[in-house]
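Notes follow once the structure below has been shown.
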Amino acid sequence: MQGSFDVESVEETWAIARKLAGELRRGDVVCLEGELGAGKTTFTQALAHELGVKGRVGSPTFCIVQEHPAAFSDCAVPLLVHMDLYRLHGEDDVIAVGWEDYLDRGAVVVVEWPERAGTLIPSDAYHVVLRHTGENSRHVDIFRVGRPESDSATRQ
């Protein structure tokens, strides 16, 4: 999924996230970018819901990493990991919080402040950029750099 979207509500943001969730596969990385209050946590909540996560999904600002297992063992993605890398200082710190282990386990890793992960971000990561355009409106850009959209369906 790639494109630019103007949204006027939380429900519209959830609708976009649901579409992206339908394309996610084990080991995918979703990079979230946007200023405070842009909707990064809201977007992650929608992804989590669509991937079968039950329970509260909040911002990992102070704990850095939150694990959200899928509620059912037959889910295509067994684990959603939400990382806020703001307090980290580079790739070594990101590795220390379990980056490689999560990807090896087939988690979908959602990353806020992805620039802190440097070269650990795979070239085929999804990038979601959220920008305020009004009090309740946002502009959302979703893109992938390293892989054509048609290839995503062939991933395991």
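General remarks:
- Filtered by the rule that a residue be farther than 27 Å from GLY55 by Cα and not in a loop (DSSP other than H, G, I, E, B), the range 96-126 gives GLU115, ARG116, ALA117, GLY118, THR119, LEU120.
- Residue list for the range 79-114, restricted to those being more than 14 Å from the chain's Cα centre (by Cα) and closer than 28 Å to SER9 by Cα: TYR86
- The C-beta contact set for the range 102-131 (first residue in contact (Cβ under 8 Å) with a residue 24 or more places away in the chain and under 16 Å from HIS68 (Cβ atoms), second residue of a type in the set (Lys, Arg) and buried (at least 20 other Cβ atoms within 10 Å of the Cβ), distance under 8 angstrom, 6+ apart or interchain) comprises GLU112/LYS40.
- Residues in the range 28-79 that are more than 17 Å from GLY98 (Cβ to Cβ), at pLDDT 85 or above, of a type in the set (A, V, I, L, M, F, W, C) and not in a strand (DSSP E or B): LEU36, ALA38, PHE43, ALA46, LEU47, ALA48, LEU51, VAL57.
- Qualifying residue in the range 10-32 (condition: without any contact (Cβ under 8 Å) to a residue 60 or more places away in the chain and within 10 Å of the chain's Cα centre (by Cα)): yes
- Among residues of the range 51-74 that are farther than 19 Å from TRP14 by Cα and of a type in the set (Ser, Thr, Tyr), those with a beta-carbon under 9 Å from a residue that is at pLDDT 85 or above and in a loop (DSSP other than H, G, I, E, B) at least six positions away or on a different chain give the pairs THR61/TYR86; THR61/ARG87.
The values are calculated or read from the model by the stated rules, or taken from the named source; none is laboratory data. No experiment lies behind these values; they were computed from the predicted model shown. Don't worry about glycine lacking a Cβ; one is built from the backbone with ideal geometry, like all the others, and counts go over all protein chains shown.
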